[in-house]
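Notes follow once the structure below has been shown.
Taken together, the values in this text are just the output of simple stated rules run on the coordinates, not laboratory data. Since this is a predicted model, take the numbers as computed values, not measurements. Neighbour counts are summed over all protein chains in view; Cβ atoms, including those assigned to glycine, are modelled from backbone coordinates with ideal geometry.
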Amino acid sequence: METKNEAQTRREWKFRIVRSLYERGYSAEDVRKLFRIVDWFMQLPEELERKFQADLEEYEEQHHMPYITSIERMAEARGEARGEARGEARGEARGEARGEARGEARGLVKGRIQSKIETLLMTLDARFGTLPPALVEKIQSIDDEPQLTSLQRTAVLVTTLDEFTTELGK
């Protein structure tokens with residue numbers, strides 16, 4: 001079902017999907033791993049995300065299940081906060097409005113890139129287990145935001161880590 005322009009419908013489907021993961025008897029760890037992917041694909045506006053989380057918490061309390069955190073969102077917020085802090089520090093040090101704006105802009109970009117790297121690594125780890133250090137290093141060296149976005153999609157679609165590594169080398 002397409003929910004691109006129907007956020008409320010997307011929230012309802014997201015909840016149904018996550019609830020069905022519990023109902024099908026998946027382990028808590030498997031539910032968390034699958035939730036990360038669902039959460040990444042079915043992002044919600046802030047208000048609906050709060051409603052989704054409240055619904056999920058209520059469901060989990062009623063069924064005595066552990067709360068699932070949105071790892072991707074937390075990583076993104078951490079990355080953006082780091083980027084903003086670095087950008088503000090650079091801008092303040094220069095003492096110019098122009099320097100501050102450039103510093104903040106660069107910081108935001110770096111924060112988004114760091115967030116995408118963390119999300120990509122978590123997705124790969126959730127799907128394929130512990131990653132080879134060389135692969136982690138290679139991913140951490142990427143500073144191209146569109147490339148990281150493409151790799152996030154690839155990480156979800158490939159069936160093996162070797163297939164991902166091949167795509168990464170292209």
**Fill in**
Full extension between residue 82 and residue 12 adds, at 0.36 nm per residue less the Cα distance, a length in nm of 21.9 nm
**Request:** For residue 170, go through the lysines and keep the ones whose alpha-carbon is under 28 Å away, minus same-chain ones fewer than eight residues off.
**Result:** 33, 110, 116, 138
**Asked** Using a simple spin-label model with points 7 Å from Cα along the Cα→Cβ vector, what separation in nm is obtained for residue 106 and residue 147?
**Response** 2.0 nm
**Prompt:** Fewest first, what order do 11, 24, 112 take by the number of other Cβ atoms within 10 Å?
**Reply:** 24, 112, 11
**Item:** residue 157 versus residue 55: modelled label distance in nm, points set 7 Å from Cα along the beta carbon direction
**Value:** 2.8 nm
**segment 7-62: relative contact order as a whole-number percent, Cα under 8 Å and 6+ apart** = 53 percent
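Taking the Cβ of each residue in 160, 9, 123, 154 as the centre, tally the other Cβ atoms inside 10 Å and list the residues starting with the fewest. Before the final figure, lay out each step's value.
Working: 160 10, 9 13, 123 23, 154 18.
Sorted ascending by nearby Cβ count, the order is 160, 9, 154, 123.
Please order 18, 31 by the number of other Cβ within 10 Å, starting at the fewest. Before the final figure, lay out each step's value.
Working: 18 22, 31 19.
Ordered by Cβ neighbours within 10 Å, fewest first: 31, 18.
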**Request:** Can you figure out the FRET efficiency of residue 19 with residue 46, using R₀ = 30 Å and their beta-carbon distance, to the nearest 0.05?
**Result:** 0.90
